[in-house]
1. Kindly indicate the residue of segment 51-65 that is surrounded by fewer than 16 Cβ atoms within 10 Å (Cβ to Cβ) and not aliphatic (A, V, I, L, M) and also nearest to Leu196 (Cα to Cα) among those meeting that condition.
2. Of the residues in segment 11-49, how many are within 13 Å of Glu71 (Cα to Cα), part of a helix (DSSP H, G or I) and open to solvent by less than 30 Å² (accessible area, probe 1.4 Å)?
3. Quick one: Ile142 ticks every box in (1) open to solvent by 60 Å² or more (accessible area, probe 1.4 Å); (2) farther than 30 Å from Asn197 by Cβ; (3) out of contact with any helix residue (DSSP H, G or I) (no Cβ under 6 Å at 6 or more places or on another chain); (4) not small (Gly, Ala, Ser) bar one, so which box is it?
4. Taking the condition of being hydrophobic (A, V, I, L, M, F, W, C) and under 12 Å from the mean Cα position of the chain (by Cα), how many residues in segment 130-148 meet it?
5. Give the residues of segment 124-135 that are open to solvent by 60 Å² or more (accessible area, probe 1.4 Å) and not small (Gly, Ala, Ser), sorted by residue number.
6. Pairs, please: C-beta under 8 Å, at least 6 apart or cross-chain, first residue within 17 Å of Tyr90 (Cα to Cα) and in segment 15-28, second at pLDDT below 95 and open to solvent by less than 70 Å² (accessible area, probe 1.4 Å)?
7. Between Arg143, Arg162, which is free of Cβ contacts under 8 Å to residues at least 24 places away in the same chain and under 21 Å from Val26 (Cβ atoms)?
8. Identify, please: which residue in segment 90-116 is near the ligand (Cβ under 10 Å from one of its atoms), out of contact with any Gly (no Cβ under 8 Å at 6 or more places or on another chain) and open to solvent by 70 Å² or more (accessible area, probe 1.4 Å) and is, among those, farthest from Lys133 (Cα to Cα)?
Amino acid sequence: MGSMSAMNEVLFVTGNSHKVKEANRVLSLFGITVKMVECEKVEIQSESLTRIAKYAASLAAKRLGKPVIVEDSGLFVKALEGFPGPFSSYVYKTIGCGGVLQLMSGITDRRAVFKCAVAFCSPGLPPLAFEGKAYGSISSSIRGSGGFGFDPIFIPRSGDGRTFAEMPPEDKDRLSHRGAAFRAFGEWYAKSGRALNL
Ligand code: ITT
């Protein structure tokens, strides 16, 4: 059986250090930490973040021979039929926040949702997924310098009008898709998942 610390540390396969930081802030409440590993993350083409994350987690668990987490997330804009959705990473790197604002110019329905799927997989077992959503709207300008990605243009509905990038990190965690998904994972892992990470 592994040591207590190994049981409470889970490998997180990602190239995005912001995700790791946010996950660790949320998981600290459950006495869990994640450790960033850069293993190849195989992303199948799918409209479902959950399917993408589960598939990538299965492959990474097999490849590393250890339990892993993979997370897939994205911003879905209603007036753009859900774009950029599963392509959020690429769209952020190419046209960025400014490009999305430009696509939205003249559009009054600004509704959008951030989604996050956290997949956990132990080698030889089927992957499990935990999901989180944050409903909100696209701002009319870029605001704030916190967070990452599309944070400067996303105003969560349950907040006070600030964008994610204008909030202290704890406020984003409380309202965000990633906060919700990692809290769901943390609850499960603390209760029954730990036994799989020996
Ligand atoms: P890995 O695949 O290596 O984990 P990635 O950044 O490429 O890192 P995704 O494929 O899941 O991750 O892309 C998600 C993109 O959606 C991310 O790059 C951001 O542009 C955007 N995004 C997701 N969550 C966000 C958040 O909390 N705040 C701002 N933008 C976010």
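1. Gly65
2. Matching residues across segment 11-49 total 5.
3. Among (1) open to solvent by 60 Å² or more (accessible area, probe 1.4 Å); (2) farther than 30 Å from Asn197 by Cβ; (3) out of contact with any helix residue (DSSP H, G or I) (no Cβ under 6 Å at 6 or more places or on another chain); (4) not small (Gly, Ala, Ser), Ile142 violates only (3).
4. Qualifying residue count for the region: 3.
5. Leu125, Pro126, Leu128, Glu131, Lys133, Tyr135 - these are the residues of segment 124-135 that are open to solvent by 60 Å² or more (accessible area, probe 1.4 Å) and not small (Gly, Ala, Ser).
6. Final answer for the pair search is Gly15/Lys41.
7. Only one candidate qualifies: Arg162.
8. Lys93
The values are calculated or read from the model by the stated rules, or taken from the named source; none is laboratory data. In this text, all values refer to a predicted model and were calculated from it rather than measured experimentally. Note that each Cβ is placed from the backbone with ideal geometry, even for glycine, and that neighbours are counted across all protein chains shown. Keep in mind that these areas ignore ligands, DNA and RNA; they rest on the heavy atoms of the full protein, side chains included. Shrake-Rupley method; radii C 1.70, N 1.55, O 1.52, S 1.80 Å.
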